[in-house]
Amino acid sequence: MIDKLNALEKKFEELNAQLADPAVFTDQANYQRLAKAHRDLRDIVEKFREYKGILRGIEESKMIGATETDPEMRKLADEEMAVLVEREKECQKELQFLLMPKDPNDEKNVLLEIRAGTGGNEATLFAAELFRMYSRYTERTGWRVEIMEEHESEVGGFKEIIAMIEGDRVYSKLKYESGVHRVQRVPATEANGRIHTSAVTVAVLPEADEVEVVVDPKDIRIDTYCSSGPGGQSVNTTYSAVRITHIPTGLVVSCQDEKSQIKNRAKAMRVLRSRLFDIALQEQQKAMAENRRSQVKTGDRSEKIRTYNFPQNRVTDHRIGMTVHNLSDFMDGSIKEMLEALFTHYQAERLKEAV
């Protein structure tokens with residue numbers, strides 16, 4: 001491990017020197033590549049330098065303990081060394097964690113799909129609230145949300161809404177949100193004040209690049225039709241809406257948000273590629289899981305992952321047993337603490353499995 005860390009530190013110093021060279025700025029593509037490589041190494045190099053500092057501290061404490069004649073000074077050195085030894089063990093674990101292979105999709109944008117499940121109109125209303133929750137979190141994080149497709153219910157909620165979220169390492173933050181989100185509350189339409197339970201499914205798909213998923217034109221059928229939703233004067237007058245059917249898989253994607261047929265087609269293709277990429281990813285993960293001794297959960301779509309209990313003002317994630325007692329703030333986008341706890345939990349599971 002030390003040899004590998006020394007090599008990474010040397011590489012980090014080389015990148016520092018390259019980024020300090022004014023000539024590098026003339027080639028922005030190369031500069032961005034070097035800056036990303038530098039950023040990827042920074043955390044592990046800083047932790048390695050901290051680890052080396054701890055080892056130096058241990059050696060100094062040993063030397064003091066062996067040469068110092070003052071009993072009080074030797075006692076202080078022994079106490080300091082005990083603290084440093086514990087910190088050395090923690091640092092080793094953190095370095096093992098940082099050396100683990102990263103998920104290649106962590107850097108990607110995501111396709112967020114929210115669909116109302118059981119619960120009728122109440123489920124569609126909660127689907128809209130979940131979309132607002134993620135949108136508010138996105139605003140705070142500095143990401144960008146673009147709605148790709150939406151189907152409203154008669155009460156103002158969403159039967160389905162699909163959005164692309166673009167930004168820095170979006171998939172790494174949101175990938176554990178896939179699953180069934182359950183809500184318990186008294187619907188506005190309930191005259192007797194009874195608590196109802198409804199469910200909404202969330203899917204987080206990494207966006208696929210064109211080079212990762214090549215769609216053969218012979219495998220798709222493209223239909224155009226008149227838009228039926230908001231869109232101004234062009235609604236119901238021009239064939240701007242697009243429906244793409246992927247014949248081998250039966251996947252159907254439609255888009256009508258833009259007035260331009262070309263823009264709707266481009267949006268629909270982004271959604272289709274991401275769904276095809278997700279199918280391949282799920283199959284790959286399933287094959288890997290079958291070869292493992294024990295399977296670590298990774299956000300199965302059928303798994304009930306979280307309950308939002310409005311009467312008790314709490315939200316509980318069932319995978320990690322974490323409960324937040326401030327549901328109103330959580331629904332307003334204050335979900336960072338939960339997302340970080342999930343990331344830490346699953347990374348620890350991966351490390352445990354690797355060991």
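The values are calculated or read from the model by the stated rules, or taken from the named source; none is laboratory data. Not measured: the values here are computed from a predicted model. Don't worry about glycine lacking a Cβ; one is built from the backbone with ideal geometry, like all the others, and counts go over all protein chains shown. When the accessible area is computed, the model is the full protein with side chains, heavy atoms only, and any ligands, DNA or RNA have been set aside. Shrake-Rupley method; radii C 1.70, N 1.55, O 1.52, S 1.80 Å.
When only residues in region 237-261 that are within 19 Å of residue 273 (Cβ to Cβ) and among the β-branched types (Val, Ile, Thr) count, which is surrounded by the most Cβ atoms within 10 Å (Cβ to Cβ)? Among residues in region 237-261 that are within 19 Å of residue 273 (Cβ to Cβ) and among the β-branched types (Val, Ile, Thr), the one surrounded by the most Cβ atoms within 10 Å (Cβ to Cβ) is 242. Name the single residue that is most open to solvent (accessible area, probe 1.4 Å) among those in region 1-38 being closer than 20 Å to residue 104 by Cα and basic (Lys, Arg). Per the criteria, the residue is 33. Each residue in region 297-309 was checked for being out of contact with any His (no Cβ under 7 Å at 6 or more places or on another chain) and modelled with pLDDT under 95, and 7 pass.
Out of curiosity, is residue 82 under 30 Å from residue 268 (Cα atoms) and part of a helix (DSSP H, G or I)? So residue 82 fails the test. Those strands (runs of 3 or more DSSP E) of region 105-187 in which 1 or more residues are of a type outside the set (S, T, N, Q), within 26 Å of residue 313 (Cα to Cα) and open to solvent by less than 60 Å² (accessible area, probe 1.4 Å) occupy 110-116, 158-166, 179-185.
Among the residues of region 41-55, those identified as over 17 Å from residue 87 (Cα atoms) and open to solvent by 60 Å² or more (accessible area, probe 1.4 Å) are 42, 43.
Against the criterion of being open to solvent by less than 60 Å² (accessible area, probe 1.4 Å), free of Cβ contacts under 8 Å to residues at least 60 places away in the same chain and more than 26 Å from residue 11 (Cβ to Cβ), residue 58 qualifies.
Would you point out the residue of region 1-28, among those that are of a type in the set (A, V, I, L, M, F, W, C) and part of a loop (DSSP other than H, G, I, E, B), that is nearest to residue 49 (Cα to Cα)? Explain how you work it out, then say what you get.
Applying the first criterion (of a type in the set (A, V, I, L, M, F, W, C)) to region 1-28 yields 1-2, 5, 7-8, 12, 15, 17, 19-20, 23-25.
Within this subset, residues satisfying the condition of being part of a loop (DSSP other than H, G, I, E, B) are 1, 20.
Values: 1: 14, 20: 21 Å.
In this case the residue turns out to be 1.
Only one of the numbered conditions (1) modelled with pLDDT of 85 or more; (2) assigned to a helix (DSSP H, G or I) is violated by residue 252, and that is (2).
Residues of region 90-103 that are closer than 15 Å to residue 343 by Cα and either open to solvent by less than 50 Å² (accessible area, probe 1.4 Å) or under 16 Å from the mean Cα position of the chain (by Cα) (or both): 98, 100, 102, 103.
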